[in-house]
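Here is the structure we will look at.
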Amino acid sequence: GYAYADTAVMDDGTGICCLIVKPQKEGAFPIVYAQTMYMAPTDTLTEEYISGSSLSGQFVKAGYAVVIAQTRGTGNSTFESNLPYIYDTTDELQILDWVRGQDFYGGEIFSFGSSYLGYTALTAACGNAPDVKAICADVPVSTRYDAWYQNGFMKIGLMGYWQAMCHRPAGFDSGVLFTKMGGDMSLFNTFPYINWPVEMYGYQEEYWTDIITHPENSDWWKEQSPGHEIY
């Protein structure tokens, strides 16, 4: 009864699967929160799956309740596609409001994570809520432009691969996409870059087009790009 899954429903009806692990006693606890997109869906949300997937061990031993939210379109969360960054901030603020309504919420929230999870850890600050007491972000995506570009050059090896494997429309298997990348990322050595989505998905993809057509660190990154809230 201390490791279980529950669903936070977003304003648009999307169900975000939250894995919860609590200390083995009754009561309310400070909350450690993380949001990940790296969990596979499963039909068996057993205590072993939840406690093994939730990065929870030391936190729970220290008296925290741990909530791990699965990004929409990943894990057991619903949505038509895996779309990191586009909905992350608005979803997270709604998830934290949902957490505040749970009987195990003890009045304090701490968020943590690395890389993409570092970004979602930082977005906990966007609500300016007094109960978010601390954020530990390890090698986070600190700005969206710096994630994609360095000195004006696109980080093909890092972000090209990650984007192709992780930002995928509905119905595309990551293994198939890896094959379309050439198996060795040879696709990313071809020009023009803007045609990558056509080669992988069979149609142009707006997310890619916007990123590739904004190589300068312009206001677009700070005001319109997916994940711009981090600024």
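The values are calculated or read from the model by the stated rules, or taken from the named source; none is laboratory data. These numbers were taken from a predicted model, which means no experiment stands behind them. Virtual Cβ from ideal backbone geometry, glycine too; neighbours counted across all protein chains shown. The protein model used for the area step is the full one, side chains on, heavy atoms only, and it has no ligands, DNA or RNA in it. Shrake-Rupley method; radii C 1.70, N 1.55, O 1.52, S 1.80 Å.
Scan region 115-140 for residues that are crowded, with 16+ Cβ neighbours inside 10 Å, within 18 Å of Gln70 (Cα to Cα) and either among the small types (Gly, Ala, Ser) or without any contact (Cβ under 8 Å) to a residue 40 or more places away in the chain (or both) and jot them down. Listed by number, the residues that qualify are Gly118, Ala121, Ala124, Ala137, Pro140. The residues listed here are Ser56, Ser81, Ser51; of these, the one that is crowded, with 23+ Cβ neighbours inside 10 Å and at pLDDT below 95 is Ser56. Report yes if Thr213 is under 14 Å from Ile156 (Cα atoms), out of contact with any helix residue (DSSP H, G or I) (no Cβ under 6 Å at 6 or more places or on another chain), open to solvent by less than 80 Å² (accessible area, probe 1.4 Å) and not aliphatic (A, V, I, L, M), otherwise no. When the stated conditions are applied, Thr213 does not pass them. Has region 148-155 got any residue that is in a helix (DSSP H, G or I), in contact (Cβ under 8 Å) with a residue 60 or more places away in the chain, surrounded by 14 or more Cβ atoms within 10 Å (Cβ to Cβ) and under 15 Å from the mean Cα position of the chain (by Cα)? No, every residue in region 148-155 fails to be in a helix (DSSP H, G or I), in contact (Cβ under 8 Å) with a residue 60 or more places away in the chain, surrounded by 14 or more Cβ atoms within 10 Å (Cβ to Cβ) and under 15 Å from the mean Cα position of the chain (by Cα). Residues in region 1-47 that are of a type in the set (Val, Ile, Thr) and surrounded by fewer than 16 Cβ atoms within 10 Å (Cβ to Cβ) were compared, and the one that is nearest to Ser77 (Cα to Cα) is Thr7. A Cβ distance below 6 Å, combined with a sequence gap of six or more or placement on separate chains, defines the contacts here; from region 32-54, residues that are in a loop (DSSP other than H, G, I, E, B) reach residues that are hydrophobic (A, V, I, L, M, F, W, C) and buried (at least 21 other Cβ atoms within 10 Å of the Cβ) in the pairs Ser54/Leu19; Ser54/Val21; Ser54/Val66; Ser54/Ile68. Apart from one condition, Asn76 fits all of (1) open to solvent by 20 Å² or more (accessible area, probe 1.4 Å); (2) not in a loop (DSSP other than H, G, I, E, B); the exception is (2). Restricting attention to region 10-41, the residues being aliphatic (A, V, I, L, M) and farther than 17 Å from Gly101 by Cβ number 7.
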